[in-house]
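The values are calculated or read from the model by the stated rules, or taken from the named source; none is laboratory data. This is a predicted model, so every value here is computed, not measured. Please note: Cβ atoms are built from the backbone with ideal geometry, for glycine as well, and neighbour counts cover all protein chains shown.
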Amino acid sequence: MRFESQKAAYKYFIFTLVLLVLQVLFGLITAAQFIWPDFMAQTMPFNIGRAIHINTMVFWLLFGLMGATYYLVPDETDSELYSTKLADFQFWLLAVTGVVAVIGYVFGWTEGREYIEAPRLLDWLIVVGVLAFLYNIGITIIKSKKWNSILAVLFSGLAGLAVMYLFGMKFFGSISLDQFFWWWVIHFWVEGTWELIAAAITAYLLIKLTGVQLKVITKWLYLEVTLVVLTGVLGIGHHYFWIGTPEYWLPIGGIFGLLEPLPILLMVIDTMRHVKHSPELHHNRVALLWLIGAAFTHFVGAGLMGVVQTLPSINKWTHGTQLTAAHGHLAFYGAFAMLVIAAMYYAVPNIVNRQVSSSKGIWAFWVMLISMVCMSFILFGAGITQVYLERIMGMDFNYVKTNFTNFWLLWRLVAGVAFTVGTIILVDDFLHLAIKKPAVNRRDIDAGL
Amino acid sequence: MSNEKWPRNLFIVVTVICVAVFLFLTVDTLKQVQARSPELTEKVVAGKRLWQKNNCINCHTILGNGAYFAPDLTKVAQKRGEKWLVEFLKDPVAVMPGTVMKNIAMSEQEADEMAAFLEWVSKVDTNGWPPEPLGLGDSEDSSSGESVFQQAGCVSCHTTNGDGGTFGPDLSNVASERNNSWLKKYISNPKQINEQAKMPDSSLSGEELDAVVDYLNNLK
């Protein structure tokens, strides 16, 4: 760690783990409720549990991406952060807002719109927190006068993320308009601005972990994000097939949706190229493993599992089934969750000045990855079953659910339990890193204390 | 110098063009979208607010977006009718004893507003989504007794020929135990025959009722 202010990232990473544990816990509850609908039905109804499951995810990914940003910006600008106090203030503001939001859901305080359930008052607090973040990062970069490719792409992504959030704050009487603008938040986040942020963080980690030069990576990075924008902006059309928007979105969404895996494929090729031709592989192999895993899983989960249902002629049958859940789980996990964990495995050991124990990180990697891949493919099976019996044959939803898809969803729960085990290993690894600080002790010893 | 900057400039140019095209399409979409759905009334908007307040989207999908725990509600108003929806929303368990949706108990007014909202949604021009199912095989059509039995939700509680729910009795042999007029009377209004019956009144048309009873007869 070259700059003291990089420590600002630490709180963000710790809170990321807390929210991850909550997300997994509520995932288990809701997965069990598919099979036993009466399980905790009064204390934690499915709709509340699910809102918490997806909101804790949005929050932990955002905290992770912000933490990674706070860690990498001093490195890339060759300067301290503009203000660590502002970073701390922003952390507490957003953390308290997040906690209040989650508790609020339990008592029915919700805006009732998927992924962006936070009520209006909390929306404004989130806006203030994000503005403080952008200001802090922006001023740091401007003062340093070092707008390199990583910083430029990262900042574009972060600013875009903030702007898009605003479109989720208005009430629409028409559900068509509601969903039209709701997708501005969701699609332009995960298939737009978050992809820019992910590409920038990936580029930063590749430089640190493989020793590749910024000059070499800059060209790749810009090509990737150009493709993200080229395919992703009009790719939003694949969400506009059936919500009451005009018919011309069918060909537009179909064509651009088909192209959406291309930038992700380029990221995989880019990552593997740099790893293979690495001038100097970093000793932190755990972070590298998570980074490579993120690239591949991103491609399979977000790219392939999305593209197979993006054509209108197929999407007509698959839209709104467990196939979307299959795609959603692996896409979020590969594209963002694994990347945040890779960034944490790189940054946290440097912050606490201690080497990462590779065995636990590798165990967590494989247990979490295999169980998540299984979960996704199980959901895919459930989705195919649902599409065939309910959509094509015309059987009753509940009948198909109880008699056919629940067979798959029982195995999904098993995969969920395995994923929980992986999460425990991961959190345990970071707890050890955080609590034990032998390097400091050694320094104390050296100092004769 | 310019040679080094081309990737960045390409990114900026592509972004500007894509965003411009998208905003142009957005303006056109916003113009067209109103004409593709019925007029919004205060009652529909009140229903939409209830839809959000009750966090319906985290169990159901609507226009195909939402959670996959409970059925899609895009066309539910056409399938069930307004009267059924209002009764269901006031007391789901009374109308559908096996339902998982036990926590909702709307007032008459709320149920009315919600039904108006769902009615409105069912009339949105969705480019033909959801598509009509292709059916349960060559010999069946959507008005056949078996289809009605599936789609009216009978199958959620009752088993026929080894398939179906177990909340209500197995109906595989019911036609050999009861005659047709008894079956029709019972299906239309179970409490008329048995006050303790947990089965809700059906909203089947006369034709659908005939088809279901035919279907039960053919099981014998």
**Message:** Looking at (1) at pLDDT 95 or above; (2) farther than 21 Å from B:Lys198 by Cα, which one does B:Leu89 not meet, given that it meets all the others?
**Reply:** (2)
**Prompt:** Which one is nearest to the other protein chains (Cβ to nearest Cβ) among residues in region A:230-248 that are touching a Gly at 6+ places or on another chain (Cβ under 7 Å) and in a loop (DSSP other than H, G, I, E, B)?
**Reply:** A:Trp242
**Prompt:** Hey, does region A:299-309 have a residue that's among the polar types (S, T, N, Q) and either surrounded by fewer than 16 Cβ atoms within 10 Å (Cβ to Cβ) or more than 14 Å from chain B (Cβ to nearest Cβ) (or both)?
**Reply:** no
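When you go through A:Thr97, A:Thr69 one by one, which is the residue that is touching a Leu at 6+ places or on another chain (Cβ under 9 Å), of a type in the set (Val, Ile, Thr) and over 20 Å from A:Pro349 (Cβ atoms)? Give the steps one after another, and end with the answer.
Working: A:Thr69 fails: over 20 Å from A:Pro349 (Cβ atoms).
Every option except A:Thr97 fails the conditions.
Would a scan of region A:158-176 turn up a residue that is charged (D, E, K, R) and either more than 9 Å from chain B (Cβ to nearest Cβ) or under 27 Å from A:Leu288 (Cβ atoms) (or both)? Write out each step before concluding.
Let us first name the residues in region A:158-176 that are charged (D, E, K, R), namely A:170.
If we keep only those that are either more than 9 Å from chain B (Cβ to nearest Cβ) or under 27 Å from A:Leu288 (Cβ atoms) (or both) as well, we get A:170.
The answer is yes, given that some residue of region A:158-176 is charged (D, E, K, R) and either more than 9 Å from chain B (Cβ to nearest Cβ) or under 27 Å from A:Leu288 (Cβ atoms) (or both).
Every residue, every condition in (1) acidic (Asp, Glu); (2) within 8 Å of another protein chain (Cβ to nearest Cβ), yes or no:
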residue	(1), (2)
B:Pro7	no, yes
B:Val19	no, yes
B:Phe22	no, yes
B:Leu25	no, yes
B:Asp28	yes, yes
B:Val33	no, yes
B:Pro38	no, no
B:Lys43	no, no
B:Ala46	no, no
**Complete:** The residue from A:Ala337, A:Ala382, A:Ala331 that alone is closer than 16 Å to A:Gly27 by Cβ, within 14 Å of chain B (Cβ to nearest Cβ) and either β-branched (Val, Ile, Thr) or in a helix (DSSP H, G or I) (or both) is A:Ala382
**Prompt:** Restricting attention to region A:35-82, which residues are within 14 Å of chain B (Cβ to nearest Cβ), of a type in the set (S, T, N, Q) and either part of a helix (DSSP H, G or I) or under 15 Å from A:Tyr10 (Cα atoms) (or both)?
**Reply:** A:Asn47, A:Asn55, A:Thr56
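Select from region A:252-275 the residues that are closer than 20 Å to B:Leu63 by Cβ and away from chain B (no Cβ under 12 Å) and list them in ascending order. Outline the logic, then answer.
Within region A:252-275, the subset closer than 20 Å to B:Leu63 by Cβ is A:252-254, A:257.
Within region A:252-275, A:Gly254, A:Gly257 meet the criteria.
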**Message:** Please verify whether A:Lys208 is touching a residue at least 40 places away in the same chain (Cβ under 8 Å), of a type outside the set (A, V, I, L, M) and farther than 20 Å from A:Gly235 by Cβ, treating the condition exactly as stated.
**Reply:** yes
**Complete:** B:Thr61 meets each of (1) within 24 Å of B:Ala105 (Cβ to Cβ); (2) β-branched (Val, Ile, Thr); (3) more than 10 Å from chain A (Cβ to nearest Cβ) with one exception, condition (3)
**Request:** Write out, first by first residue and then by second, each pair whose Cβ atoms fall under 6 Å of each other, whose residues are 6+ apart or on separate chains, and whose first residue, in region B:143-165, is farther than 19 Å from B:Lys198 by Cα while the second is hydroxyl-bearing (Ser, Thr, Tyr).
**Result:** B:Gly145/B:Tyr215; B:Glu146/B:Tyr215; B:Asn161/B:Ser172
**Request:** Quickly run through region B:189-210 and pick out the residues that are surrounded by 15 or more Cβ atoms within 10 Å (Cβ to Cβ) and more than 21 Å from the chain's Cα centre (by Cα).
**Result:** B:Pro190, B:Ala197, B:Lys198, B:Asp210
**Prompt:** In the list A:Thr324, A:Thr318, which residue meets the criterion of being within 14 Å of chain B (Cβ to nearest Cβ), more than 19 Å from the chain's Cα centre (by Cα) and at pLDDT 95 or above?
**Reply:** A:Thr318
**Prompt:** Out of all the residues in region B:28-36, is one or more in a helix (DSSP H, G or I) and farther than 21 Å from A:Ser174 by Cβ?
**Reply:** no
**Request:** Name the residue, out of A:Leu223, A:Leu227, that is at pLDDT 95 or above and at the interface with chain B (Cβ under 7 Å from one of its Cβ atoms).
**Result:** A:Leu223
